[in-house]
Each structure stands twice: as C-alpha cells, then as structure tokens.
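Each value in this text was obtained by applying a stated rule to the coordinates, not by laboratory testing. Remember, it's a predicted structure, so these values are computed and weren't measured experimentally. Counting neighbours? That spans all protein chains shown, and the Cβs are built from the backbone with ideal geometry, glycine included.
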Amino acid sequence: MNKLIDTHAHLDEIDDIEEAVRQAEQAGVIAVIAVGQDYGSNRKVLELAEKYRAFVYPALGFHPWSLDGLSAAQIDDNLRFIEDNVGKAVAVGEVGLDYHKRVKAAADKERQKEVFRATLALAGKYGKPVSVHSRYSWKDSFDLVRDSGVEKAVFHWYTGFSSVLREIIAGGYCISATPAGEYHEEHRRAVRETPLERLLLETDSPVTYGRETRYESRPADIVRSLGVVAQLKGLDEEAVAAQTTRNAIEVFGLPV
C-alpha cells in the first residue's frame with residue numbers, strides 16, 4: 001500500500017472524524033494536515049492534533065471567507081491566537097485571497113490583502129510554510145507570498161494562469177492536486193505543467209466533488225488525487241506516491 005499525506009483537509013468540518021481517520025489509515029494515509037480558517041477552527045485543529053498525535057498535524061489560518069463582519073479587534077484576536085500557538089503548528093494556513101464577487105462583497109481586496117500580509121509576516125517570523133488560497137487572485141497571491149520572503153508555500157488546488165504557475169515553480173513553491181483533477185480542466189492543466197518535485201496531494205475534505213456523481217470527500221479520497229497525478233504524468237502510482245510524500249515531509253517538516 002502506498003504511503004500518502006493529505007496536505008490540506010478541513011478535518012474539523014467532518015461529521016464523523018473518528019471514522020474518517022480510520023478510513024484514511026486503511027487507504028494508506030500516514031498524515032493529515034488539518035487546516036484552520038478562523039478562531040474556532042484553529043482551536044479545533046489543535047485539539048484534533050492532540051487527540052490524533054503523530055497522524056493529524058495542525059495548520060493555523062485565517063481564511064478570506066472568515067473576514068465577513070469581523071471588527072478590527074476580532075481580527076487582531078485571531079492573529080494573536082495564531083502567533084501564540086504557532087509553535088504547535090506545522091504551517092500557517094489556510095490563508096490567502098479570494099476575488100470571487102461574493103467574497104469581495106464581504107471583504108474587499110485591500111482588507112483581504114492586509115490580513116494576508118499579517119499572516120505571511122507571522123509565517124516568516126516563525127519560519128513556517130504557508131497553505132495559500134488564491135481563487136481568482138493568483139497573481140496578487142503569488143506577489144504577496146514572494147514579497148513576504150516566506151521560503152515555503154503551497155498554492156492549494158491551483159487553477160490559475162500558466163504564467164503565474166511558472167513564477168510559483170521558479171520561486172521554489174508548490175501546488176497541490178485534488179480529486180477535482182478527475183474532471184476540472186484548469187486544474188488538470190496546472191498538474192500537468194508542474195514538475196512532480198513541486199506537487200503535493202490533498203483532498204480539501206469535506207469538499208463535495210464530481211460532476212455527474214457527487215460525493216462529499218474524506219482524507220481517504222487522497223487516492224483519487226494520487227490517481228489524477230499518475231494519469232496526467234504517465235507514471236505509476238507508486239512513484240507518484242513516493243515523491244509527493246517526500247515533498248510533503250520536506251515542506252511541512254513532518255516527523256513521519
């Protein structure tokens with residue numbers, strides 16, 4: 001069985017976490033990066049990492065979707081919580097920008113950038129990699145990461161322009177492949193264009209995937225991400241699993 005790492009999962013949002021962990025282990029998953037996105041989920045992923053030691057590893061984040069309605073004091077509180085607990089985390093994330101019109105209506109570009117810069121500064125200060133959300137904001141997200149001086153970053157579920165992808169790769173950063181690569185052409189192109197040494201696997205669970213048949217994902221569905229990369233690269237799954245797992249261990253400094 002291949003040893004796999006789910007580098008981006010919202011484990012705190014899954015109904016039956018115990019069963020999800022059991023299924024993941026049966027599928028060959030040896031580690032899950034549980035990403036936070038606000039004060040509450042950051043607390044939860046820390047608790048899950050304590051409960052599932054040496055399997056769940058926390059990342060503390062501040063998602064652009066979480067900015068709606070927050071006061072400046074609440075933003076500061078969340079940033080302070082991340083800094084106070086960053087030593088327990090393997091990464092800062094999920095953080096980034098989202099230029100979908102609904103998100104921009106709740107938090108405009110400048111507000112999003114201000115918070116993203118603050119989280120990047122924390123990552124740089126404490127030497128942590130970042131897990132980056134960059135929907136419709138690929139160039140701005142990359143520019144802010146590059147300008148921050150953060151050494152390690154993963155642009156998760158990348159679907160953006162090839163020109164920005166080339167900059168991401170040249171900057172020494174990574175992207176991650178999701179089960180959406182089974183049908184989403186922009187994501188498939190990004191996976192094809194990224195060297196295997198710059199690819200990670202993720203599920204973003206419990207996201208719902210599929211076109212004709214829909215399903216709510218779990219970390220065990222990382223085998224679908226593996227299959228996507230193997231198919232698009234024309235490689236056997238064993239080789240892809242070995243390299244992407246090495247990549248994840250290196251990026252996140254995992255003791256596995």
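Key figures
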| read-out | value |
| --- | --- |
| Cα-derived Rg over Rh, computed across segment 1-128 with Rh taken as Kirkwood radius | 1.01 |
| Estimated FRET transfer efficiency (A121, E151; beta-carbon r; R0 22 Å; 0.05) | 0.95 |
| Y215 paired with Q26, simple spin-label distance in nm, labels 7 Å along Cα-to-beta-carbon | 1.3 nm |
| More than 12 angstrom apart: percent of Cα pairs within segment 186-232 | 66 percent |
| Rg and Dmax of segment 12-67, Cα atoms only, in Å | 11.6, 37 |
| Alpha-carbon centroid distance for the pair segment 220-237 / segment 157-182, whole angstrom | 16 Å |
| Computed E for A73/R102 - FRET, C-beta separation, R0 22 angstrom, nearest 0.05 | 0.30 |
| Cα-centred dipole magnitude for the chain, charges only on beta-carbon of K, R (+1) and D, E (-1), debye, nearest 20 | 560 debye |
| Segment 34-77 versus segment 111-141: alpha-carbon centroid distance in Å | 15 Å |
| Over segment 62-179: Kirkwood hydrodynamic radius from C-alpha pairwise inverse distances, Å | 14.3 Å |
| Charge sum, other residues only, whose C-beta stays under 15 Å from A106's C-beta, Lys/Arg counted +1 and Asp/Glu -1 | +1 |
| Length gained when the stretch I249-E167 is fully extended (0.36 nm per residue, less Cα-Cα span) | 27.2 nm |
| Pairwise label distance in nanometres, K51 with A242, each label 7 Å out on the Cα-Cβ vector | 3.6 nm |
| Proximal lysines to K128, defined as alpha-carbon separation beneath 23 angstrom and excluding residues fewer than eight positions away on the same chain | K44, K51, K88, K113, K139, K152 |
| Equivalent ellipsoid, segment 138-256 (semi-axes from 5 times Cα gyration tensor eigenvalues, Å) | 22, 17, 14 |
| Fraction of alpha-carbon pairs over 12 Å apart in segment 83-133 - percent | 63 percent |
| Inverse of mean 1/r across different Cα pairs in the chain, Kirkwood, Å | 17.9 Å |
